[in-house]
Structures are given as C-alpha cells and as structure tokens.
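Enquirer: After the structure tokens below, expect a handful of questions from me.
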C-alpha cells in the first residue's frame, strides 16, 4: 500500500493545508500506524489521532486502512462497555471535522495528479491498450501485454501491421481522441499468424486530468451459434453463399476462399456478386460491416425494445455484453435492469449485493441459457443508470417498489429470488409487501439481521468497521464509504477485493479464478467505474439494514416461501459462531453449510447451487397458470 501513497503536496493547495492546520488546532501531526493506536478510547490523544487520520485519508485514500484501525481502537472499548454513541453523533466539533475532511476528499479526487496514464479498471480483463494522440501505447492490460506484438511495441507503428491496416487504425485512433464521447469504432483486420480475423473496438476516453486517449480492445471473431440460419433466412443466401460470407468476414481473399472450397476464383467472385445483390451491399467492406452488425445484434436484445439510452453491461473476456433494459417509475425515476439466460425460461430474481455483483461467471450465465433459467437483475437505486432514492423517501420502500415494477415490466407474477450476503433483506421485504410473489428465497452467503453485540466483534475488520459504524455512528459512515470507494478506484478492483476478503481464504481463492474475477469486475461497474460511484447508495442501504430490526420480517417468512441458505464457514461477515446462532434463531430456514466457503460461495459453487434452484424454479413455474 505504501507504494501507492502519494505525497500530500501533489493534492493539497496551500489553502487546503492551512485549512487542515486550523481544523486540527495545535495537535501535532502524527501519521499513526495501526500498532500505535492502542490508547484507551475517549482520551484526547486517541480522539486527536482519529481526527488526524480523517484528514490523512481525505488527502490520500491509500491511508484508509490506518483510519480503519484507528477508528476501531476508539470505538471497540465503547462497544465492549455497552456505551451508547449519542454523544459522538451529536458532537458538533467532530461532525465539523468529518464535513471538512469530506470537502477535502472531494477536492482531492477531482484534482489532476502528475502520474502516468492508467488503463481504466474495467479493461483489466480484456486484451486492451491505451493510445495517446501521438500514437504512443501508454498503458496496456496484462492480456494485451501477453501478446508479443503489443509487449514489444511503444507505438502503433511497432505493431507490425500492414501499411493499409496501420493507416486505418491510426485514423480511427485520431478520430476517437478528437471526438470525446465517441461511443465506438470497429475495425476488422487479418492476423497473419491465425487463420482468423480480429476485430478492434476503439473507444474514446478522457481521464481525470482532461487528457484524451483511445482505448483499443482486440477480440478474435467468433461466429455465433445459429448465425448461418439467420443469414440464410434474412437474405435468402444458399449454404455455399453463407460459407463464403463467413470466410470474407474472417478476412480471407477470394483466392484463399477458392482454394479452401475447391472452386475456381471466378466461381467465388460470382458467389460474392450474388451475395452483394441479395444483401444490397455495394462493396465487400460494406457487406462485412453489415454482417458484423448482425453478429453483434445476435447477442443482444432488440434495441428498439429498450427505452432510454442504449447502454451495455460489458464483457471483457468470456462474458457476453448485455443491454440494460430501462423503465420509469410512477414518479419519473429511471430504473435499469439486466436479463440473461433463456428469454423464454422460468424466471429467477437475482439481487446483486451492495458491491454491485450484477453478473455471473460466463459459464454460469451460459448454464442458465442452456437449462431454461431466465435471470432478472434489478439495478438498485443509485447504482448504474438507476436513479437514486429521493432524500425524503425510505430506501427500503422505494427499493421494493422498484423491484415490483421490474417484475411487472417483465410480466412476472410469481418467481423465486436468489441473493448474495445481506440482500436477503430485499427478498424478505418484497414477499412481506406483496405476499405470494416469491415461491422460494435462496440466499448465498446469506446474512441475517445482526441482533447481538458479539456478532459485530466476530466479523472481519472491514465488515465490522462498516457495519458497526452504520449501527452506532451512522452520521459518519458516508465519509468512510466514500473514502473506501476512492481507494478502490485508485488501487484497482483486484487489490481492493484482496483487502476486503484478505482474511477469507475461501473468497480469495474464489476470485483468483479468471472467470469469477471477470464477473466481479464487470458486474460491479454499476457500483464503481471511471465515471460512476455508488458510495451514497451503499451508505444509505447499509444504514437502513443495520438501523432497522428486520428480524421480524424474516420470521414472518415461516410457512411462506421455501428458504434455503448456502453458507460457508469462512465468511468474513458471518463466521461459524454467528451462523450457528442464525440456525437456532431461524429453525425454519434450510441451512447448507460448507466448511471452506466464503461470502462468495455462489461464484465458487454455482455448478452445485444452480441445479437445485433451477429445479425449484421450473417446478413452480409449471404450477403457475400463466407459466411465469
């Protein structure tokens, strides 16, 4: 973490430093480490150290871990003594320090930093690199660096492209840089070492300093399943003409096609002429563009059925891109949601957790498609493109209404729900508000209401820090969460996941799987991306869940929908002793306990968990007259 720390002088103006000095008063500046923060709670020294750390984190979010330990050293004795926290929450001086630190954090995170360009975290799992206006390759993902030509290249000219291809790529890069906000340019090139075409997707990107770049992503062409039949039915192409079209898209020349098919070049040219006439394309280039567009469309829902801006949940490796569907609430708020799996399958409602884990591993999404499971993922208020809950409204009430609106838009009257972590909260509240809408609640890493002080003490440090703060000092949580989100953006998602789940060997091993990691990174774009942070929504929902005693809502589920929990004993939020208490408190829940699983148990064991859920979903779909 020290390597990521940036000198205060890079961020703070003289005015900022002076404001911080005045805010701290005469307290000596001490950069305390976790081991140094062992003074008893409520002493002036401990208080001053916590205040100092607030400003340290505001100036450099990389010191977030020190704040975590410092705050815990100050709060733990209070919890152990059973004190209340009203004096802290109502302390005007302490509140003022949090407000000032929050202002500094906002200013720091929008200030230019004299640091080298960095590829956005969303592209870490793609074969992607970033190019500046001088055609220099300034950053590249690990997958791109693994490609020999990119690893050895300092500029586009070093990529070893044919002259025409290099000129086309350079022109597309210049256009992407000169037209900020340009959504995407697609180029098709021929890779000599493979008998396969390669598609380059270019997108414009502006960093926090205002500098403009082009991000180039490479993907090898994959002919979608059933695409031959689509071309044939759409344009009336014969089987031979479809094969010729396929090879043209793969960048083969007429002579190469003739050799592969055992035909003359004149025959192939005649076939190409017939294909152009049937598709009403004027040139081979226009034909290829048309086919590439259809290949893209074959993966996606009809764009005409998606109101609002057309936005994708991207895939950067195995995952396919998905369109966000958009509807509007009665009060005009935008609500986004995802659908994947079999469009005509039995419905399963999925809740994405406060980290925004809206995507599954690619193999799990493919399994849903192959096994008749239709997965609907409402994007929570304040996440992604879904509008936040108004400040004067209940987060729980609005969230449940949003979920209900998504089900109605998809014409679903009854279904099962699957959650991760504490999101069983939403399933229980949905069923309580609309009895009979859920046939089953399947919670993975399921976290139930925290009802005993010792349950906080057992949590791993990050969870205890956030959840105990939400329960005892909610006034201060938004700053803590915002700082954590800024740290995640700076470190990158892999480093942040390692920090959050460091004490859970099961979870660390789970996201070490490339397919799982891709799902976590791409799904969580709705929570944190280069242009969006859901820290406010995160804070509001955590405070809501910790402040409300919702145990009665869970108990009201007894005799209602089937409830199955898949829990691991290496869960950083729900360790074994707490899980044992849940089993006693809620005997009507069917707990399946794995000794090595963590909170991300679904992402590790989906192949074991999904068949059971799918069996329930399909059986109950058959029992519903409408089939949904």
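Rundown of residues vs (1) in the same structural domain as residue 596 (by TED's automatic domain parsing); (2) over 26 Å from residue 53 (Cβ atoms); (3) in contact (Cβ under 8 Å) with a residue 60 or more places away in the chain; (4) outside any helix (DSSP H, G or I), yes/no style:
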{"residue": "418", "(1), (2), (3), (4)": "yes, yes, yes, yes"}
{"residue": "429", "(1), (2), (3), (4)": "yes, yes, yes, no"}
{"residue": "439", "(1), (2), (3), (4)": "yes, yes, yes, yes"}
{"residue": "442", "(1), (2), (3), (4)": "yes, yes, yes, yes"}
{"residue": "447", "(1), (2), (3), (4)": "yes, yes, yes, yes"}
{"residue": "451", "(1), (2), (3), (4)": "yes, yes, yes, yes"}
{"residue": "466", "(1), (2), (3), (4)": "no, no, yes, no"}
{"residue": "469", "(1), (2), (3), (4)": "no, no, yes, no"}
{"residue": "477", "(1), (2), (3), (4)": "no, no, yes, no"}
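Enquirer: Restricting attention to region 545-574, which residues are farther than 26 Å from residue 616 by Cα and either without any contact (Cβ under 8 Å) to a residue 24 or more places away in the chain or in a helix (DSSP H, G or I) (or both)?
Expert: 545, 546, 547 - these are the residues of region 545-574 that are farther than 26 Å from residue 616 by Cα and either without any contact (Cβ under 8 Å) to a residue 24 or more places away in the chain or in a helix (DSSP H, G or I) (or both).
Enquirer: Here are 333, 316, 359: which of them is under 15 Å from the mean Cα position of the chain (by Cα) and at pLDDT 90 or above?
Expert: When all the criteria are applied, what remains is 359.
Enquirer: Here is a follow-up. Among 516, 542, which is the only one that is in contact (Cβ under 8 Å) with a residue 12 or more places away in the chain and more than 28 Å from residue 583 (Cα to Cα)? First the steps, then the outcome.
Expert: Details: 542 fails: more than 28 Å from residue 583 (Cα to Cα).
Sole residue among the options that is in contact (Cβ under 8 Å) with a residue 12 or more places away in the chain and more than 28 Å from residue 583 (Cα to Cα): 516.
Enquirer: Would you tally the residues in region 206-246 being under 26 Å from residue 150 (Cα atoms) and at pLDDT 75 or above? First the steps, then the outcome.
Expert: First, pick out the residues of region 206-246 that are under 26 Å from residue 150 (Cα atoms): 206-223.
Now drop any that are not at pLDDT 75 or above, which leaves 206, 211-218.
Count: 9.
Enquirer: Taking into account only those residues within region 332-376 that are in a helix (DSSP H, G or I) and in contact (Cβ under 8 Å) with a residue 60 or more places away in the chain, which is nearest to residue 319 (Cα to Cα)?
Expert: Across region 332-376, the extreme among qualifying residues is 362.
Enquirer: Can we say residue 571 is assigned by TED's automatic domain parsing to the domain that holds residue 391 and surrounded by fewer than 22 Cβ atoms within 10 Å (Cβ to Cβ)? Steps first, please.
Expert: Working: assigned by TED's automatic domain parsing to the domain that holds residue 391: yes; surrounded by fewer than 22 Cβ atoms within 10 Å (Cβ to Cβ): no.
Criteria not met by residue 571.
Enquirer: Based on this model, can you work out whether residue 533 counts as over 24 Å from residue 602 (Cα atoms), crowded, with 21+ Cβ neighbours inside 10 Å and assigned by TED's automatic domain parsing to the domain that holds residue 338?
Expert: Details: over 24 Å from residue 602 (Cα atoms): yes; crowded, with 21+ Cβ neighbours inside 10 Å: no; assigned by TED's automatic domain parsing to the domain that holds residue 338: yes.
Here the answer is no, as residue 533 does not meet what is asked.
Rundown of residues vs (1) modelled with pLDDT of 90 or more; (2) at positive phi; (3) outside any helix (DSSP H, G or I), yes/no style:
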position: 482; (1), (2), (3): no, no, no
position: 489; (1), (2), (3): no, no, no
position: 503; (1), (2), (3): no, no, yes
position: 506; (1), (2), (3): no, no, no
position: 521; (1), (2), (3): no, no, no
position: 536; (1), (2), (3): yes, no, no
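Enquirer: Are any residues in region 134-162 at pLDDT below 75, out of contact with any strand residue (DSSP E or B) (no Cβ under 9 Å at 6 or more places or on another chain) and part of a helix (DSSP H, G or I), and if so, which ones?
Expert: If the condition is that a residue be at pLDDT below 75, out of contact with any strand residue (DSSP E or B) (no Cβ under 9 Å at 6 or more places or on another chain) and part of a helix (DSSP H, G or I), then 148, 149 are the ones that fit.
Enquirer: While we're here: Inspect region 537-560 for any residue being in contact with a strand residue (DSSP E or B) (Cβ under 7 Å, 6 or more places away or on another chain) and buried (at least 23 other Cβ atoms within 10 Å of the Cβ) and give the result as yes or no. Can you show your working first?
Expert: Within region 537-560, the first condition is being in contact with a strand residue (DSSP E or B) (Cβ under 7 Å, 6 or more places away or on another chain), and the residues that meet it are 557.
Among the residues that remain, those that are also buried (at least 23 other Cβ atoms within 10 Å of the Cβ) are: none.
The answer is no, given that none of the residues of region 537-560 is in contact with a strand residue (DSSP E or B) (Cβ under 7 Å, 6 or more places away or on another chain) and buried (at least 23 other Cβ atoms within 10 Å of the Cβ).
Enquirer: Do you know which residues across region 271-285 are surrounded by 13 or more Cβ atoms within 10 Å (Cβ to Cβ) and either modelled with pLDDT of 85 or more or more than 18 Å from residue 255 (Cβ to Cβ) (or both)?
Expert: Of region 271-285, the ones surrounded by 13 or more Cβ atoms within 10 Å (Cβ to Cβ) are 271-272, 274-276, 278-279, 281, 284.
Hits for region 271-285 are 271, 272, 274, 275, 276, 278, 279, 281.
This table checks each residue for (1) over 30 Å from residue 494 (Cβ atoms); (2) modelled with pLDDT of 80 or more; (3) part of a helix (DSSP H, G or I).
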residue: 55; (1), (2), (3): no, yes, yes
residue: 64; (1), (2), (3): no, yes, yes
residue: 70; (1), (2), (3): no, yes, yes
residue: 73; (1), (2), (3): no, yes, yes
residue: 84; (1), (2), (3): yes, no, no
residue: 97; (1), (2), (3): yes, yes, yes
residue: 115; (1), (2), (3): no, no, no
residue: 122; (1), (2), (3): no, no, yes
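The values are calculated or read from the model by the stated rules, or taken from the named source; none is laboratory data. As the structure is a prediction and not an experimental result, all values here were calculated from the model. Glycine also receives a Cβ, built like all others from the backbone with ideal geometry; neighbour counts cover every protein chain displayed.
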